[in-house]
Amino acid sequence: MPSEKMLMRGSDTLAEAAVRAGCRYFFGYPITPQNELPEYMSRRLPEVGGTFIQAESELAAINMVLGASAAGARVLTSSSSPGVSLKQEGISYLAGQELPAVIANMMRGGPGLGNIAASAADYFQATRGGAHGDYRTPVLAAAGCQDLAELTFDAFDLADKYRTPVLLLGDGLIGQVMEPVIFPDPIDPADLPPKDYILDGCAGREPRAIYSMLLGQQGELYHHNMKLQEKYQEIAEKEQRWEEYQAEDAEVIVVAYGTASRIAMAAVDQLRADGVKAGLFRPISLYPYPKQALRDLAGDKVKVAVFELSAGQMVEDVMLSVGERSEIYFYGVPGGVIPTPADVEAFLLSVLKGDGSVGRRVVL
Amino acid sequence: MSQVAYEKIFTRPESLKPVPTHYCPGCGHSVAHRLVAECLDEMGLRERTIGVPPVGCAVLAYNYFNFDMVEAPHGRALAVATGIKRVEPDKFVLTYQGDGDLAAIGTAETIHAANRGELISCIFINNAIYGMTGGQMAPTSLLGEATTTTPGGRDPQRDGRPIDISRMIAICDGVVYVERCALNSVKGIRKAKKAIRKSFQAQLDGLGFSLVELLSPCPTNMKMTPQQAWEWIDDQMMETYPPGVIKDTTGYED
């Protein structure tokens, strides 16, 4: 049974959703603006027989995650941008060793220490692998609390299904805001399907080893990489997620994810009330990017307007998806400054008029 | 019925796979592997054990040890082991780490796992040099020791002094047992086995974190014969790292 409707903060929602998705282990390190998440877990996990450890560093935290995953558990860590940079080494190992885990990033402004306001400048890091080696991680971007409640379940399922780390993106705003949420049916970890690769002692079977170093002369590392690529191809084909809003007859479609999509949705509502045919395309899976769905909306009568809380990262995936089917425009605000719906309205009107007053035309 | 003519009195432990290792002649790893394997066999732990090897010469230990193992990034073995032990508290968890792994890039993980009193046994191979990468300075390299990155010898002003991580972690309350042994004599090897056994017992009894440091010869990178490398441990290394019990609050009688 889905839960009753509750009023919850974003960070708490993600944490509670993880527990309900069968996660009993959390390892993390404090960083603003996501401290409420580990704090929630430190209270909640002991109630369900789980374990919370405040690690000595992000490096330690992600490697505790690696150990817990090798032992077969659903396991979560969370951080914010600079902390997620530190976790990258471990994420590459998780990918190479094909171990599932969920890593939540409540993004803040960068580069460097940046600031603690909501930002979305970690798109490249999240969607392009982030650390060394040929790997990708599925990336799910939430736009609010109900999204977090559902996508957290989705993230754990994807992680287990494909034996891969999965990134769950929010930002400082989504983490702090309170909204009504309804959680999906809770999962008892005992009911999860058994995993045939985990390390639990070799009683009655041959010993197992989980590793990513493949030095063999017969191209072992090549074959391992090709197997990973097949997996990413399957993920790319089967796991695209997106939402369309008022997009069907739109003359201008704003493409935005996360907090930006909430702002864009308000702008679309206002423009529609004013008789302007505006629509929204919201990618939910940033990797794999919902390329075909966006391409299907494009055409010479439709202008595509990309709005990001960054200086321009996702716009490259939009260019790859849309190509020359539509004119593409970009408006981005980096550094933790949050535009208003009126700013996005002005951008979309400028795109329709072609006067270049807000944002810029993107040329392939 | 004829009598059996010969009786097998010495054999490979079940916890070691019947394969040759890549270790150099005279290297301490083969001895250390065997001691760990013998203790696991004798204590009936093989089928409950999960091991975490380092990055370094023993990175391929999962090819030699005959129990479950997971690779850790360089220095992170004790963090990985922490994750395993917290999920599977009834399993036996050990890390096997070199000096660079444990006392340089993984210093934070080492100190904090020890300080949390994680129920993990840590086997620490100290050979005072980076082996796998070809003989660079280790955190434990001796003053004056020539390595490929300290060609004129380790200089305390420039390179800092040898770190004694075993004594450092011994001040943590979560640590119940730390002993330093040397693998350069039959007597030392026998002592090392006793120490490893004790460390394993401390984990089984839930007492806390324990570490056994093994002074180990690396003739290849020291550019010595195996015999010279053994003598170097006696003549040079033990001055900086004297063998003996550094901490023992287990209450076990020897």
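Residues in the range A:99-120: is at least one surrounded by fewer than 24 Cβ atoms within 10 Å (Cβ to Cβ) and not in a loop (DSSP other than H, G, I, E, B)? Taking every residue of the range A:99-120 in turn, none turns out to be surrounded by fewer than 24 Cβ atoms within 10 Å (Cβ to Cβ) and not in a loop (DSSP other than H, G, I, E, B).
Scanning the range B:194-249 for residues that are farther than 16 Å from B:Cys24 by Cβ, among the hydrophobic types (A, V, I, L, M, F, W, C), assigned to a helix (DSSP H, G or I) and within 17 Å of the chain's Cα centre (by Cα) gives B:Ala195, B:Ile196, B:Phe200, B:Ala202, B:Met237, B:Met238.
Is it the case that A:Gly201 is within 14 Å of chain B (Cβ to nearest Cβ), small (Gly, Ala, Ser) and buried (at least 19 other Cβ atoms within 10 Å of the Cβ)?
Numbers: within 14 Å of chain B (Cβ to nearest Cβ): yes; small (Gly, Ala, Ser): yes; buried (at least 19 other Cβ atoms within 10 Å of the Cβ): yes.
Considered against the rule, which asks whether it is within 14 Å of chain B (Cβ to nearest Cβ), small (Gly, Ala, Ser) and buried (at least 19 other Cβ atoms within 10 Å of the Cβ), A:Gly201 comes out as yes.
Say whether the condition of being assigned to a helix (DSSP H, G or I), without any contact (Cβ under 8 Å) to a residue 12 or more places away in the chain and facing another protein chain (nearest Cβ under 9 Å) is met by at least one residue in the range B:67-83. Within the range B:67-83 (the criterion being assigned to a helix (DSSP H, G or I), without any contact (Cβ under 8 Å) to a residue 12 or more places away in the chain and facing another protein chain (nearest Cβ under 9 Å)), the answer is yes, since at least one residue qualifies.
From the list A:Tyr211, A:Tyr257, exactly one residue is in contact with an Asp or Glu (Cβ under 6 Å, 6 or more places away or on another chain) and buried (at least 16 other Cβ atoms within 10 Å of the Cβ). Which is it? Steps first, please.
Working: A:Tyr257 fails: in contact with an Asp or Glu (Cβ under 6 Å, 6 or more places away or on another chain).
When all the criteria are applied, what remains is A:Tyr211.
So which strands (runs of 3 or more DSSP E) stay within the range A:271-364 end to end and still have 3 or more residues that are at pLDDT 95 or above and of a type in the set (A, V, I, L, M, F, W, C)?
Numbers: elements: A:278-283, A:285-287, A:303-308, A:327-332, A:360-362.
The qualifying strands (runs of 3 or more DSSP E) are A:278-283, A:303-308.
Would you be able to tell me the number of residues in the range B:102-117 that are surrounded by fewer than 24 Cβ atoms within 10 Å (Cβ to Cβ) and within 12 Å of another protein chain (Cβ to nearest Cβ)? Going through the range B:102-117 one residue at a time, the tally reaches 7. Restricted to the range A:123-157, and to residues there that are of a type in the set (Asp, Glu) and surrounded by fewer than 24 Cβ atoms within 10 Å (Cβ to Cβ), the residue that is nearest to the chain's Cα centre (by Cα) is A:Asp154. Selection of the range A:158-171 for residues being more than 14 Å from the chain's Cα centre (by Cα) and assigned to a helix (DSSP H, G or I) yields A:Asp160, A:Lys161, A:Tyr162. The set of residues in the range B:118-167 being crowded, with 17+ Cβ neighbours inside 10 Å and not in a loop (DSSP other than H, G, I, E, B) consists of B:Ser121, B:Cys122, B:Ile123, B:Phe124, B:Ile125, B:Asn126, B:Thr147, B:Thr150, B:Asp159, B:Ile165, B:Ser166. Between A:Ala142, A:Ala117, the distinction of being in contact with a Lys or Arg (Cβ under 9 Å, 6 or more places away or on another chain) and either of a type in the set (Asp, Glu) or within 30 Å of A:Pro184 (Cα to Cα) (or both) belongs to A:Ala117 only. Taking every residue in the range B:98-114 that is more than 18 Å from B:Leu214 (Cα to Cα) and pairing it with any residue that is among the basic types (Lys, Arg) and at pLDDT 95 or above, at least 6 positions away or on another chain, the pairs with Cβ-Cβ distances below 6 Å are B:Glu109/B:Arg76.
The values are calculated or read from the model by the stated rules, or taken from the named source; none is laboratory data. Predicted, not measured: the structure shown is a model, and the values here were computed from it. With ideal geometry, Cβ positions are generated from the backbone for all residues, glycine too; neighbour counts draw on all protein chains shown.
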